[in-house]
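The values are calculated or read from the model by the stated rules, or taken from the named source; none is laboratory data. Since this is a predicted model, take the numbers as computed values, not measurements. Here Cβ is always computed from backbone atoms with ideal geometry, including for glycine, and neighbour counts include all displayed protein chains. The accessibility values were calculated without ligands, DNA or RNA, using every heavy atom of the protein model including side chains. Shrake-Rupley method; radii C 1.70, N 1.55, O 1.52, S 1.80 Å.
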Amino acid sequence: MQNELDVITIGEAMAMFVAAETGDLAAAEKFVKRAAGAELNVATGLARLGLKVGWVSRVGNDSFGRYVLQQLAKEQIDSRGVTTDERYATGFQLKSKVDDGTDPIVEYFRKGSAASHLSVEDFNEAYFFSARHLHLSGVAAALSDSSLELLNHTARAMKAKGKTISFDPNLRPVLWKSEAEMVKQLNQLALQADWVLPGVKEGVILTGQKTPEGIADFYLDKGVKTVVLKTGADGAWFKTASGEKGAVAAVKVDNVVDTVGAGDGFAVGVISALLEGKTLSQAVSRGNKIGSLAIQVIGDSEGLPTRSALGE
């Protein structure tokens, strides 16, 4: 089958209201509306670089759901895998404004959302198999048992078809029943992937290892092909099953505005470059570059560049 899509992903999108002024959210009177969601951010970044991207989800039959669909159309993301759910609403979130590089406060209103009712019924074999790569994140895995089942089913099916898979743990402990359950389920997903992209702090929680190499070896010894670790201000570190390893320095940023979305930007860079046949070092370098652009603006996806803006 010819690949109609380059990448397909599964996730939840919410309407996001970002405070127009800094300070306590309770005091904020004006907000700017945006679309938010880890997998949607990755889909947006990849689409802006010219890749053909499909995003699978559920939205409510409401104004927020229509807004999400409008954003997909604007970014030229394929929405054939999105179901409008007549029973449940689209989630939303409030986000504080920061301008000093600290993490903003985010309050979620997503429990029982349409996307949390994703299930194996949302797996359209022909649609998924039309893509050459699957990207998954730990956020969608945490939404509900049925959403987790969908991710596992999809990963197994795509792997059996010889498709490549990337996985970003994107830990959301508050969404899980316990840390032990989170570790168990996310590692099960990670071991289906070819490329695992954790942050170092996430890696410590998921593997119990304390060093980048220890974290990488935990996954490589179990069949993962490549592990790329985000090491914060130091940049990133990678290791492959064949023993190739190295560090790639971070891009220096003088004015960090909003750290949300940096990891999604990093994933965009690594995935896009590897699908283009770039070397792993080049891919990690692009990941660092796009991650650095993401943290210089307010909003989760505003800093994700077009191909021309990327300058490669």
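A few remarks follow.
- Heavy-atom accessible surface of the chain: percent carbon and sulfur, 1.4 Å: 50 percent
- Shown here for region 65-155: GluC sites (Glu not before Pro) in loop regions (DSSP other than H, G, I, E, B) with at most 10 other Cβ atoms within 10 Å, namely Glu86.
- Cα gyration tensor shape for the chain, rounded if a/c is under 1.5, else prolate or oblate: rounded
- Considering only region 33-138, percent of DSSP beta bridges that pair antiparallel, nearest 5: 45 percent
- Rounded, prolate or oblate (a/c below 1.5 giving rounded, otherwise prolate when a/b exceeds b/c) for region 1-105 by Cα gyration tensor: oblate
- Equivalent ellipsoid of region 110-221: semi-axes from √(5λ) of the C-alpha gyration tensor, largest first, are 23, 19, 9 Å.
- Cα gyration tensor shape for region 1-47, rounded if a/c is under 1.5, else prolate or oblate: prolate
- In this structure the amide hydrogen of Phe31, modeled in the peptide plane, comes within under 5 Å of the amide hydrogens of Ala20, none closer than 5 places in sequence on its chain.
- In region 175-242, the DSSP beta bridges split such that about 60 percent are antiparallel, to the nearest 5.
- Extension gain for the segment Lys177 to Ser79, taken as residue separation times 0.36 nm less the Cα-Cα distance, is 32.2 nm to one decimal.
- Spin-label model, Thr102/Val120: points 7 Å from Cα along the beta carbon direction are separated by 4.7 nm.
- Under DSSP loop assignment and at most 15 Cβ neighbours within 10 Å, longest trypsin sites (Lys or Arg not before Pro)-free interval of the chain: 253-312
- Inter-label distance, nm, simple model (7 Å from Cα along the C-beta direction), Asn3/Asp145: 3.6 nm
- Antiparallel DSSP beta bridges within region 1-84, as percent of all bridges there, nearest 5: 45 percent
- Rounded to 0.05, the FRET efficiency of the Glu21 and Val251 pair, given R0 = 35 Å and the Cβ-Cβ distance, is 0.75.
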